[in-house]
1. Please tell me the relative contact order of the range 167-317 in percent, rounded to the nearest whole number, where contacts are Cα pairs under 8 Å and at least six residues apart.
2. Which peptide among 333-341, 136-144, 261-269 comes first, and what is the full order, when sorted by highest mean count of other Cβ atoms within 10 Å?
3. Over the range 22-229, what is the mean sequence separation of C-alpha contacts under 8 Å (at least six apart), divided by residue count, expressed as relative contact order in percent?
4. If you line up the long axis of helix 48-60 against the longest principal axis of the chain, both from Cα atoms, how many degrees apart are they, to the nearest 10?
5. For the chain, calculate the relative contact order in percent as a whole number, restricting contacts to Cα pairs under 8 Å that are 6 or more residues apart.
6. At 222 nm, what value in deg cm²/dmol follows for the chain if DSSP H runs of at least 4 each add -39500 (n - 2.57) and the sum is divided by all its residues, to the nearest 500?
7. How far is helix 165-175 tilted, in degrees, relative to the longest principal axis of the Cα atoms in the chain, given as a value from 0 to 90 rounded to the nearest 10?
8. Taking only the C-alpha atoms, wrap a convex hull around the chain and report its volume per residue in Å³ as a whole number.
């Protein structure tokens with residue numbers, strides 16, 4: 001086991017580079033199941049979830065490997081497809097269910113274990129399976145596996161009950177090789193969906209409306225690709241913006257997707273954080289005390305739930321009161337008791353949190369419960385007096401590539417230790 005030791009109180013100064021987006025890379029890598037030719041992806045983050053995805057693709061007949069030991073390019077080769085995604089791989093990552101639709105589209109048969117992943121609330125796959133059934137798939141549950149069969153998927157008019165990122169991505173992949181036209185309505189609009197659609201279009205897919213809530217896909221007979229660059233990680237970038245802000249630092253975030261972070265930067269601006277955008281980067285600084293603000297998580301382009309915990313760390317040190325309303329996941333306040341161990345004043349009532357700013361946080365041993373909660377504890381530790389010990393950082397490693405190295409390069413006193 002490993003943990004992070006953070007001696008807080010140092011303003012961050014310098015450049016911090018943003019890695020490629022994990023949430024974009026996962027479905028894009030899985031979509032290689034649909035291709036008839038090898039493909040190379042660039043700007044892929046070196047993360048545990050990416051390694052799991054590469055291992056999954058190899059089992060399925062799409063061997064995927066980083067092209068060198070330190071780089072960020074993944075080469076996916078083409079071998080005979082296998083229809084089974086085993087539990088030992090699927091259980092560690094919920095996104096693995098996204099292979100179901102592509103396998104049905106290519107083979108007409110799939111056996112995919114039900115997913116596992118972070119403990120941030122129920123994220124059922126019923127919207128995925130109901131939509132696939134409308135496209136002609138016959139699905140059943142057998143010993144923890146979804147078994148799917150079809151002669152060939154066909155186009156359908158599908159309306160999601162609520163905007164679902166994974167569901168939208170899944171059905172785009174299922175539909176690109178289906179017979180006829182598929183219309184997806186009430187779609188999620190996250191930039192990672194647009195990145196997936198852009199890759200598939202570069203491979204020959206016929207997709208329109210990918211940045212709106214209604215997407216049209218007309219199936220084609222085959223797809224082939226050569227190279228594609230994954231978008232930068234907007235959540236990692238937002239996390240570094242918050243880290244610089246909470247320490248009263250002055251940093252340049254390289255590769256920062258400014259447009260995709262509009263909601264985050266607007267809210268942080270209300271709290272007294274300054275931004276100076278450049279081409280493909282932004283400078284973030286703070287010289288005045290943080291101010292309280294109210295925030296509600298919403299589907300994109302609203303405030304992202306994946307930045308809720310990080311912003312709450314800032315609110316813990318903001319003058320006055322702040323409120324956070326979580327509307328996406330019902331169990332995403334597990335970082336609150338850990339922030340309270342560091343001196344934060346946070347009261348919960350259902351899906352709402354009221355934060356009263358305190359003068360300072362105090363370093364303490366804290367335990368990460370999920371990916372973004374881990375990031376909020378690191379951010380709080382950077383500003384706290386004394387030493388913070390963040391345990392169970394395997395959650396953090398699922399979404400941040402060497403976060404301690406990037407923060408240390410900007411002056412943070414942070415190190416990874418084995419326990």
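What follows is calculated from the coordinates using simple rules that are stated; it is not laboratory data. The structure displayed is predicted, hence computed values, not measured ones. Methodologically, a virtual Cβ is constructed for each residue, glycine included, from the backbone with ideal geometry; neighbour enumeration extends over all protein chains shown.
1. Reported relative contact order: 20 percent.
2. Details: 333-341: 20.7, 136-144: 13.0, 261-269: 18.0.
Put in order of decreasing packing, that is 333-341, 261-269, 136-144.
3. Taking the mean separation of contacting Cα pairs over the length of the range 22-229, I get 21 percent.
4. Helix 48-60 sits roughly 10 degrees off the main axis of the chain.
5. Contact order relative to length: 22 percent.
6. Per the formula, -8500 deg cm²/dmol.
7. Helix 165-175 and the main axis of the chain meet at about 20 degrees.
8. Output value, Cα hull per residue: 125 Å³.
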